[in-house]
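**Student:** Dropping the structure in here first, questions after.
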Amino acid sequence: MFRLNIEFLGHSCFLIQADSHIVLTDPFLTGNPSAATKPEDVRPTHILVSHAHDDHMGDAKAIAKANGATVYSTFDICQSFQEEGIAIEGGNIGGKLPADFGSVKLVPAIHSSGLPGGIACGFVIEIAGKKIYFAGDTALFVDMALLAGENIDIAMLPIGDYFTMGPGDAAEAVKLIKPQHVIPMHYNTFPPIAQDPQKFKKLVESKSDARVTVLQPGDEASF
Ligand code: NI
Ligand code: MN
């Protein structure tokens with residue numbers, strides 16, 4: 001089994017790497033004051049876009065074109081990529097999409113989409129024998145409890161508040177999802193979403209068995 005390496009590039013952008021597979025989530029590097037790298041220095045094979053807000057879709061088209069990467073998202077969002085000749089896997093909520101590294105399942109998120117008539121989503125990513133839940137931008141909702149049946153190894157959860165769950169609701173989400181590990185995201189990029197991730201870590205680890213890995217932009221962890 002290949003080792004899974006996760007690098008945090010800032011905001012909700014992660015590089016998830018196993019063997020030759022490099023999966024990039026919600027690329028927002030241009031205009032992101034906390035970005036750990038430049039779009040031209042990222043070389044993904046796959047790009048996951050949770051919704052069409054600029055702080056998630058920002059550099060997706062440019063990076064996809066430069067690397068011939070396949071974009072995974074909802075059908076509605078994928079259409080605008082396809083029009084520009086980018087390879088896509090466009091599904092919808094509840095669907096598990098095939099990937100050469102495993103699979104990508106589109107799961108609900110409670111958030112606006114940034115695209116008229118569209119819908120925001122999260123992802124359950126199967127890669128290197130592990131399951132990652134990437135929540136995207138979302139509120140806390142009770143159906144997250146269904147993810148406990150997925151046996152999630154790593155949950156990437158927004159904690160910034162204002163546009164998404166804050167730390168308290170994200171800690172409640174951990175109790176529903178029951179992952180082994182949690183990585184907080186979507187905080188400290190801009191003043192309205194300033195949070196102390198170490199306080200979140202203490203809160204989660206006092207309420208659940210999950211371990212929280214706090215990554216600064218540019219940090220990586222192996223699982
Ligand atoms: Ni958003
Ligand atoms: Mn956002």
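The values are calculated or read from the model by the stated rules, or taken from the named source; none is laboratory data. Worth saying up front: this structure is predicted, and the values here are computed from it rather than measured. Backbone-built Cβ (ideal geometry, glycine too); neighbour counts: all protein chains shown. Just so you know, the surface numbers come from the protein's heavy atoms only, side chains and all, with ligands and any DNA or RNA stripped out. Shrake-Rupley method; radii C 1.70, N 1.55, O 1.52, S 1.80 Å.
**Student:** Can you name the number of the only condition in (1) farther than 25 Å from residue 75 by Cβ; (2) without any contact (Cβ under 8 Å) to a residue 60 or more places away in the chain; (3) open to solvent by less than 10 Å² (accessible area, probe 1.4 Å) that residue 209 fails?
**Tutor:** (3)
**Student:** Same structure again: Here are some conditions: (1) under 19 Å from residue 34 (Cβ atoms); (2) away from ligand 2 (no atom under 16 Å from the Cβ); (3) of a type outside the set (Lys, Arg). Residue 181 meets all but one. Which one does it not meet?
**Tutor:** Unmet for residue 181, out of (1) under 19 Å from residue 34 (Cβ atoms); (2) away from ligand 2 (no atom under 16 Å from the Cβ); (3) of a type outside the set (Lys, Arg): (1).
**Student:** All but one of (1) within 16 Å of ligand 1 (Cβ to nearest atom); (2) touching a Gly at 6+ places or on another chain (Cβ under 9 Å) hold for residue 162; state the number of the condition that does not hold.
**Tutor:** The failed condition is (2).
**Student:** So residue 143 ticks every box in (1) surrounded by fewer than 18 Cβ atoms within 10 Å (Cβ to Cβ); (2) within 19 Å of residue 212 (Cβ to Cβ); (3) not small (Gly, Ala, Ser) but one. Which box is left unticked?
**Tutor:** Answer for residue 143: the failing condition is (2).
**Student:** Hey, does the stretch 147-164 have a residue that's assigned to a helix (DSSP H, G or I) and over 17 Å from the mean Cα position of the chain (by Cα)? Please lay out each step first, then the result.
**Tutor:** Our first condition is that a residue be assigned to a helix (DSSP H, G or I); within the stretch 147-164, this holds for 147-150.
Cutting the leftovers down to over 17 Å from the mean Cα position of the chain (by Cα) gives us 148-149.
Yes, that holds for at least one residue.
**Student:** Just to verify a result, which residue in the stretch 146-172, among those that are within 15 Å of ligand 2 (Cβ to nearest atom) and in contact with a helix residue (DSSP H, G or I) (Cβ under 6 Å, 6 or more places away or on another chain), is most open to solvent (accessible area, probe 1.4 Å)? Walk me through it before giving the result.
**Tutor:** First, the residues of the stretch 146-172 that are within 15 Å of ligand 2 (Cβ to nearest atom): 156-166, 170.
So of that shortlist, the ones also in contact with a helix residue (DSSP H, G or I) (Cβ under 6 Å, 6 or more places away or on another chain) come out as 157, 159-160, 162.
On the way: 157: 0, 159: 0, 160: 0, 162: 163 Å².
The extreme case among them is 162.
**Student:** Sticking with this structure for a sec: Could you grab me the full set of residues in the stretch 19-57 that are among the β-branched types (Val, Ile, Thr), away from ligand 2 (no atom under 14 Å from the Cβ) and touching a residue at least 60 places away in the same chain (Cβ under 8 Å)?
**Tutor:** Taking the stretch 19-57 first, the residues among the β-branched types (Val, Ile, Thr) are 22-23, 25, 30, 37, 42, 45, 47, 49.
Then keep just the ones that are away from ligand 2 (no atom under 14 Å from the Cβ); that gives 22-23, 30, 37, 42, 45, 47.
Those that are among the β-branched types (Val, Ile, Thr), away from ligand 2 (no atom under 14 Å from the Cβ) and touching a residue at least 60 places away in the same chain (Cβ under 8 Å): 23, 37.
**Student:** Working only within the stretch 56-77, note down all residues that are surrounded by fewer than 21 Cβ atoms within 10 Å (Cβ to Cβ) and in contact with a Phe, Trp or Tyr (Cβ under 9 Å, 6 or more places away or on another chain).
**Tutor:** Matches in the stretch 56-77: 61 only.
**Student:** Could you tell me which residue of the stretch 5-18 is most open to solvent (accessible area, probe 1.4 Å), considering only residues that are away from ligand 2 (no atom under 12 Å from the Cβ) and among the polar types (S, T, N, Q)?
**Tutor:** 17
**Student:** Let me ask something else. Can you go through 194, 128 and tell me which one is within 19 Å of residue 15 (Cβ to Cβ) and open to solvent by 10 Å² or more (accessible area, probe 1.4 Å)?
**Tutor:** On the way: 194 fails: within 19 Å of residue 15 (Cβ to Cβ).
When all the criteria are applied, what remains is 128.
**Student:** Which of the helices (runs of 4 or more DSSP H) found entirely inside the stretch 20-121 contain at least 1 residues meeting this: modelled with pLDDT of 95 or more and more than 16 Å from ligand 1 (Cβ to nearest atom)? Please lay out each step first, then the result.
**Tutor:** Values: elements: 54-57, 60-67, 75-82.
Passing ranges, in order: 60-67, 75-82.
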